Amino acid sequence: MIPQNIKHEDIIKAIKQIQSNGVPDKRHSTKFSLLHEGKVYPPKYVLAIANIYANGHELPAVGFSGGNEANSYLENLGFEIVQESSSSSFKPITAYSWEQISETIAVKHSDKSTFLHNGTVIPQGIREFFSLDVPSMDDEVALTLFYAGSEYKAKVTLSNGRTRLFWSESLAEVLRRQFPDCYESFKDNAGLEGKSPVLRFEKYAHGYPQHYNLEFVSRSDVQQDIEGEMAEEEAFPEGAPKEYYGKRYERNPANRMRAIEIHGTRCKGCGFDFEAVYGERGRGFIEVHHTKPLYLNQKEQTVDPVKDLLPVCSNCHRMIHRRKDDVMTIEQIQKMLS
Ligand SMILES: [Zn+2]
Ligand SMILES: [Zn+2]
């Protein structure tokens with residue numbers, strides 16, 4: 001039985017805890033997930049942890065069912081339960097401030113050591129992403145990181161059983177220059193929770209071992225982009241486009257942030273990279289297109305940032321929406337440009 005005094009706020013606290021501690025191997029769910037701000041969590045484990053906040057102890061796994069019982073309890077509290085898509089067998093791995101999103105993508109929430117010590121610990125769960133076979137690993141493994149068209153050297157070291165990633169001083173300088181406020185705050189030991197950028201690592205294609213594309217994804221950039229778009233529309237009320245296709249999903253900061261963490265900031269239609277063309281003014285910028293037409297179903301719908309939200313440049317985005325009764329798919333745009 002699920003204790004009926006577990007409340008919405010207890011679930012939120014449990015999600016926060018899972019975000020920092022991850023999910024133990026045996027507690028991943030196979031069929032259903034709790035979807036919250038674009039990320040998925042195992043419903044039964046969330047409830048087990050939420051019980052700590054409601055009743056002072058973790059709920060034993062044998063005490064209640066992970067299927068209907070857990071799902072409907074969470075739905076009654078206003079959470080969304082989604083069915084796991086069978087198309088992808090990869091289960092996201094969360095370990096401390098890291099999350100491996102897919103076979104080829106991992107994100108790291110930056111922290112003090114990212115800004116002050118030119119590096120970060122690679123927790124055990126993330127070692128495989130960096131192809132690190134620790135028992136037989138040399139003292140040092142060389143890595144190449146690409147950021148905004150430039151190449152930077154990095155290395156992974158092993159000492160006292162801990163693996164650490166360090167990057168060159170030149171990349172550290174770029175990071176400090178791009179996010180001066182974060183750097184200053186970390187130097188002063190000021191709290192910055194959730195405000196510092198996410199480092200997004202994407203593995204290169206086969207044939208390039210230990211090559212990673214790096215992007216900085218910043219929540220405040222995302223927020224500013226949304227505000228910028230809305231301010232522009234307010235200035236031209238007569239010309240404001242009709243909200244018939246998902247703008248409210250495209251403009252939800254959590255969704256947008258998650259879509260960029262997953263898909264990166266290059267246009268899915270034409271490959272355009274704002275930062276490569278506009279320099280720092282373009283850093284982290286991309287529009288996000290919601291692929292499900294809303295006029296077919298005006299009810300609130302579940303948004304899966306993996307499938308439903310795609311980063312596109314402003315040109316491709318306008319072309320996609322140019323005819324309101326003939327909205328293009330991303331495949332159509334790609335074909336048009338190939
Ligand atoms: Zn494009
Ligand atoms: Zn769109």
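For Leu171, work out the one condition from (1) of a type outside the set (D, E, K, R); (2) closer than 17 Å to Leu116 by Cβ; (3) not in a helix (DSSP H, G or I) it doesn't fulfil.
With (1) of a type outside the set (D, E, K, R); (2) closer than 17 Å to Leu116 by Cβ; (3) not in a helix (DSSP H, G or I) applied to Leu171, the lone miss is (3).
Report every pair of residues separated by at least 6 positions or lying on different chains whose Cβ atoms are under 7 Å apart, first residue within segment 34-47 and farther than 13 Å from Ile6 by Cβ, second polar (S, T, N, Q).
Between residues of segment 34-47 that are farther than 13 Å from Ile6 by Cβ and residues that are polar (S, T, N, Q), the close pairs are Leu35/Thr302; Gly38/Asn255; Val40/Ser33; Tyr41/Ser33; Pro42/Ser29; Pro42/Ser33.
Condition (residue is among the charged types (D, E, K, R), in a helix (DSSP H, G or I) and in the same structural domain as Phe115 (by TED's automatic domain parsing)) applied to segment 185-200: is it met by at least one residue? Give the steps one after another, and end with the answer.
Restricting attention to segment 185-200, the residues satisfying the condition of being among the charged types (D, E, K, R) are 187-188, 193, 195, 200.
Next cut, in a helix (DSSP H, G or I) only: 187.
Checking which are in the same structural domain as Phe115 (by TED's automatic domain parsing) leaves us with 187.
Yes, there is a match, as at least one residue in segment 185-200 is among the charged types (D, E, K, R), in a helix (DSSP H, G or I) and in the same structural domain as Phe115 (by TED's automatic domain parsing).
Per-residue answers, yes or no, for (1) modelled with pLDDT of 90 or more; (2) within 16 Å of ligand 1 (Cβ to nearest atom); (3) part of a helix (DSSP H, G or I):
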{"position": "Glu229", "(1), (2), (3)": "no, no, yes"}
{"position": "Glu232", "(1), (2), (3)": "no, no, yes"}
{"position": "Lys242", "(1), (2), (3)": "no, no, no"}
{"position": "Met257", "(1), (2), (3)": "yes, no, yes"}
{"position": "Thr265", "(1), (2), (3)": "yes, yes, no"}
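Please count how many residues of segment 295-338 are more than 11 Å from ligand 2 (Cβ to nearest atom), modelled with pLDDT of 90 or more and in contact with a strand residue (DSSP E or B) (Cβ under 9 Å, 6 or more places away or on another chain).
2
Scan Ser72, Ser113 and give me the residue that is modelled with pLDDT of 85 or more and under 29 Å from Lys195 (Cβ atoms). Give the derivation first.
Values: Ser72 fails: under 29 Å from Lys195 (Cβ atoms).
That would be Ser113, the only listed residue that is modelled with pLDDT of 85 or more and under 29 Å from Lys195 (Cβ atoms).
Among the listed residues Lys16, Lys91, which satisfies the condition of being charged (D, E, K, R), under 20 Å from the mean Cα position of the chain (by Cα) and at pLDDT below 85? Talk me through it step by step, then tell me what you get.
On the way: Lys16 fails: at pLDDT below 85.
Unique residue meeting the criteria: Lys91.
If I ask for residues that are within 16 Å of Ile260 (Cβ to Cβ) and small (Gly, Ala, Ser), which ones from segment 277-290 would you list?
The first filter runs over segment 277-290 and keeps only residues within 16 Å of Ile260 (Cβ to Cβ), leaving 282-290.
Gly282, Gly284 - these are the residues of segment 277-290 that are within 16 Å of Ile260 (Cβ to Cβ) and small (Gly, Ala, Ser).
Just wondering, is there one or more residues in segment 12-30 that are out of contact with any Lys or Arg (no Cβ under 9 Å at 6 or more places or on another chain), buried (at least 16 other Cβ atoms within 10 Å of the Cβ) and over 26 Å from Val198 (Cα atoms)?
Within segment 12-30, not a single residue is out of contact with any Lys or Arg (no Cβ under 9 Å at 6 or more places or on another chain), buried (at least 16 other Cβ atoms within 10 Å of the Cβ) and over 26 Å from Val198 (Cα atoms).
Return the pairs, sorted by first residue and then second, in which the second residue is away from ligand 2 (no atom under 11 Å from the Cβ) and hydrophobic (A, V, I, L, M, F, W, C), the first residue lies in segment 308-327 and is more than 21 Å from Glu215 (Cβ to Cβ), the beta carbons are less than 8 Å apart, and the residues are 6+ apart or on different chains.
Met319/Ile333; Ile320/Ile333
Name the residue that is nearest to Arg283 (Cα to Cα), counting only residues in segment 308-334 that are more than 26 Å from the chain's Cα centre (by Cα) and more than 13 Å from ligand 1 (Cβ to nearest atom).
The residue in question is Arg322.
The values are calculated or read from the model by the stated rules, or taken from the named source; none is laboratory data. These numbers were taken from a predicted model, which means no experiment stands behind them. Ideal geometry is used to build each Cβ from the backbone, glycine not excepted, and the neighbour counts take in all protein chains shown.
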